[in-house]
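Only one structure is covered here, and it is reproduced in the block below.
No lab work stands behind these numbers, since they all come straight from the coordinates. Keep in mind that this is a model prediction, so the values were computed, not measured. Please note: Cβ atoms are built from the backbone with ideal geometry, for glycine as well, and neighbour counts cover all protein chains shown.
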Amino acid sequence: MIYKVSFVVQGGGHPGAIQNMEKRPKEGDRVKLGDKFYEIVEVLEIIPSRGEFSYLHATCRPVEK
Amino acid sequence: MSIIPLLKKVDILNGLSESQLEKVAELCREQTYNAGDLIFRENDKSSEMYLIQDGHVEITLNVPKPGTEKSIVTLGKGQIFGEMALLDEGPRAASARCIADGTRLWVADRADFISLCEKDTRIGFIVMKNIAADLAFKLRLINLTRKEPG
């Protein structure tokens, strides 16, 4: 399964991004978007999977330094 | 090298048979870039879609401060970018820059792709249905981003 994930970043510091992942993301995971790291706080499956593709929305927050 | 295994990982081609994917593969030509190479710039006219065979590509957006860019995401093997060019030939929504030496991309030209979709309407239907779903997914991202407290 390929997970196509749209990332929404809390706080407005990042416009969001879409990335393909081989592993399903989960709360607490850290992802790198551009040159910064973010922590996933919520993962939603809003639309059903199609074929080998699963479509997820993940809300993230900046990782504090 | 066969591109077919990679094409099977591209969601806008989801549902195409092996023989249909071979027709798509015939449209693709390989290009190699090195770290720092600009693939396209935001607001450039668009006519090509890219698929990453190996390496990494950074997508960046211009920010209000002149001459500065914000890194949005880094893409790797099996990911496509510039796919909106297949639909509208509008200006690029972001810039794409190679960040790894020897990054190999497959490039498909819009005119060739549209021609294939017109000749083989089953391919055309499946691909356009997938692109429509992809656009809906992106719209949902925009809607969710707007709802997020700033």
Based on Cβ point charges of +1 for Lys and Arg and -1 for Asp and Glu, what charge dipole magnitude is obtained for the protein assembly as shown about its Cα centre, in debye rounded to the nearest 20?
560
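Placing +1 at every Lys and Arg Cβ and -1 at every Asp and Glu Cβ, with all other atoms neutral, what dipole size does chain B have around its Cα centre, in debye to the nearest 20? Numbers along the way, then the final one.
Details: 20 positive and 22 negative charges, 111 e Å.
Using only the charged Cβ atoms, the result is roughly 540 debye.
Over chain B, what is the relative contact order in percent, taking alpha-carbon pairs closer than 8 angstrom and at least six residues apart?
Values: 270 pairs, mean separation 47.5, N = 150.
Relative contact order for chain B comes out at 32 percent.
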Quick calc, the range B:1-62, dipole around Cα centre from Cβ unit charges on Lys, Arg (+) and Asp, Glu (-), nearest 20 debye, gives 120
Sequence-separation-based contact order of the range A:1-54, relative, with Cα cut under 8 Å and 6+ spacing, percent:
34
How far, in degrees from 0 to 90, does helix B:110-119 lean away from the longest principal axis of the Cα atoms of chain B, to the nearest 10?
30
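Evaluate the relative contact order of the range B:42-123 (contact order divided by residue number), counting alpha-carbon pairs under 8 angstrom at least 6 apart; express in whole percent. The partial results should precede the final answer.
On the way: 162 pairs, mean separation 34.8, N = 82.
Rounded, it is 42 percent for the range B:42-123.
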Relative to the longest principal axis of chain B, what angle (0 to 90°, nearest 10) does the C-alpha long axis of helix B:121-147 take?
20
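For the protein assembly as shown, what is the mean residue ellipticity at 222 nm derived from helices alone (per DSSP H run of n ≥ 4: -39500 (n - 2.57); sum divided by total residues; nearest 500 deg cm²/dmol)?
On the way: 5 runs with 53 residues, N = 215.
Using -39500 (n - 2.57) per qualifying helix, the result is -7500 deg cm²/dmol.
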